[in-house]
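S.K.: Handing you a structure now.
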């Protein structure tokens, strides 16, 4: 696991669209947009987020677990503007393709399938779109 600045240019969303609500983890049930607001009000910090899990492939870091968190971080970065001090950091677990370091083999195959299943981006992962659902 490594720390990365939230404006790391290699971050890629593996999903084309993300749902507007967290379904698991510490933010389960919370709207993704509300996490952005929590960042803007300094109620939460990116450093406190559950680590993202990414697949390193062709120079990009494709987020396999954490696309909603990535979307919130990108929105926060865009809304905040340049930082005068250190850019906020996040923890990311990166598995480099072809993932041969993941053992046992069954776990490696599970991650490969998850990574392939997650790759729905049609824009190279540059930005996911938040699906619009009624509150």
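The values are calculated or read from the model by the stated rules, or taken from the named source; none is laboratory data. All of these numbers come straight from a predicted model, not from anything done at the bench. For neighbour counting, all protein chains shown are included, and Cβ atoms are generated from backbone atoms with ideal geometry for every residue, glycine included.
S.K.: What tally of residues in the stretch 17-39 results from selecting those that are under 22 Å from residue 61 (Cα atoms) and touching a strand residue (DSSP E or B) at 6+ places or on another chain (Cβ under 7 Å)?
M.R.: Summing the residues that are under 22 Å from residue 61 (Cα atoms) and touching a strand residue (DSSP E or B) at 6+ places or on another chain (Cβ under 7 Å) in the stretch 17-39 gives 3.
S.K.: Answer yes if at least one residue in the stretch 21-33 is farther than 30 Å from residue 100 by Cβ and assigned to a strand (DSSP E or B), and no otherwise.
M.R.: yes
S.K.: Check residue 40 against each of (1) over 27 Å from residue 95 (Cβ atoms); (2) out of contact with any helix residue (DSSP H, G or I) (no Cβ under 7 Å at 6 or more places or on another chain) and name the one condition it does not meet.
M.R.: Exception for residue 40: condition (2).
S.K.: Also: Scan the stretch 39-50 residue by residue and report those that are surrounded by 16 or more Cβ atoms within 10 Å (Cβ to Cβ) and either part of a helix (DSSP H, G or I) or under 15 Å from the mean Cα position of the chain (by Cα) (or both).
M.R.: Selection gives 39, 46, 49.
S.K.: So, in the stretch 84-128, how many residues would count as being touching a helix residue (DSSP H, G or I) at 6+ places or on another chain (Cβ under 9 Å), over 15 Å from residue 52 (Cβ atoms) and either at pLDDT 85 or above or not in a loop (DSSP other than H, G, I, E, B) (or both)?
M.R.: The number of residues fulfilling the criteria is 7.
S.K.: Here's another thing I want to ask about it. Among the numbered conditions (1) farther than 23 Å from residue 119 by Cα; (2) assigned to a strand (DSSP E or B); (3) modelled with pLDDT under 95, tell me where residue 12 comes up short.
M.R.: (1)
S.K.: To continue, here is another question. When you scan the stretch 53-83, how many residues do you find that are over 23 Å from residue 35 (Cα atoms), surrounded by fewer than 16 Cβ atoms within 10 Å (Cβ to Cβ) and either in contact with a strand residue (DSSP E or B) (Cβ under 9 Å, 6 or more places away or on another chain) or at pLDDT below 90 (or both)?
M.R.: So the count comes out to 2.
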